[in-house]
Each structure stands twice: as structure tokens, then as C-alpha cells.
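**Student:** Have a look at this one.
No lab work stands behind these numbers, since they all come straight from the coordinates. These numbers come from a predicted model, not from an experiment. Don't worry about glycine lacking a Cβ; one is built from the backbone with ideal geometry, like all the others, and counts go over all protein chains shown.
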């Protein structure tokens, strides 16, 4: 089964846009921006969902319940620094995938990450940069569906 690595800040909690965000609850925190509709949509992708975020286990405590998601595995990050220009998450995700196909939804993915994954990961990979100003969109979901169907 394809791993799908999920970042929280940006993809699930949008920020930095020019206008106000819809609030799905009234706590007065950034968690108000977490759209509960993402949970069923993520589950419908048929991937093994995994947290790939600095939230770590806190994503299971605070984000998963808002989305109606079960407790998800959390990627363990290596202690070593990544190669120059490569995001610090990238080597850990490749190690976690262990040659299996994976998708990654994050707002900080660059061409350097794509090149490093292409060179270092023998399996297929979708590195999808999400616009942090709006969070996950239908186009992001469609890209994952197309990737898993191919």
C-alpha cells in the first residue's frame, strides 16, 4: 500500500493568505482552520496515512480527532543533517518508505527534494507541494488519486 506522508502546518492548517479563513470551530486558535472534511477525503484515497510533521505525536492528539482520523503512525526523523538544499524531512521519508511507492503532501517541497528522491529512492514517489495559503485542494487530492491509480 502506498504511504501518504502528511504535513500539518500549511496543508491542513492554512496560513499566510490575504483574507480571513473559514472557521470550522470556535476555539480562537489555529486549529479552527482544520477542515473536518479532509479526514474522510484522506481516508478515501486508500493510502497508508502517516504524519510527517513537527507536530509528531501531538498530531494524533490534536489534529486526528478534528479530522475523524484514527491514530496514525508518525515518521521518525533521522539525527543527521540532510544534503544541501534538501528539506530536512526528505531523507527520513525515503528511509521510511523503504523502496515502496509514497506520496508526500507538504508546503515546503522543492525541486531539490524531487531530484534527491529521484536519485535515492528506487520506488515511485509523488512530492506534492501544497499552497500553504489555501491548504489541501481538490487538485491535490486528484494528484494523489492519479498517482495511486497509475
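**Student:** What is the angle, in °, between the Cα long axis of helix 138-149 and the longest principal axis of the Cα atoms in the chain? Nearest 10 is fine, range 0 to 90.
**Tutor:** Once rounded, one gets 40 degrees.
**Student:** Where the convex hull is taken over the Cα atoms of the stretch 59-138, what is its projected area averaged over directions, in nm²?
**Tutor:** Orientation-averaged projected area of the Cα hull: 6.4 nm².
**Student:** P(r) tail for the stretch 3-149, what percent of Cα pairs lie past 27 Å?
**Tutor:** Details: 1961 of 10731 pairs.
Tail of the P(r) past 27 Å holds 18 percent of the pairs.
**Student:** Also, quick follow-up: Quick check: the distance between the Cα centres of the stretch 131-150 and the stretch 64-123, to the nearest angstrom?
**Tutor:** The distance from the Cα centre of the stretch 131-150 to that of the stretch 64-123 comes to 16 Å.
**Student:** Here's another thing I want to ask about it. Please arrange 50, 1 by how many other C-beta atoms lie within 10 Å of their C-beta, fewest to most.
**Tutor:** 1, 50
**Student:** List 25, 33 from most exposed to least, where exposure is judged by having the fewest other Cβ atoms within 10 Å.
**Tutor:** With the sparsest Cβ surroundings first, the list reads 25, 33.
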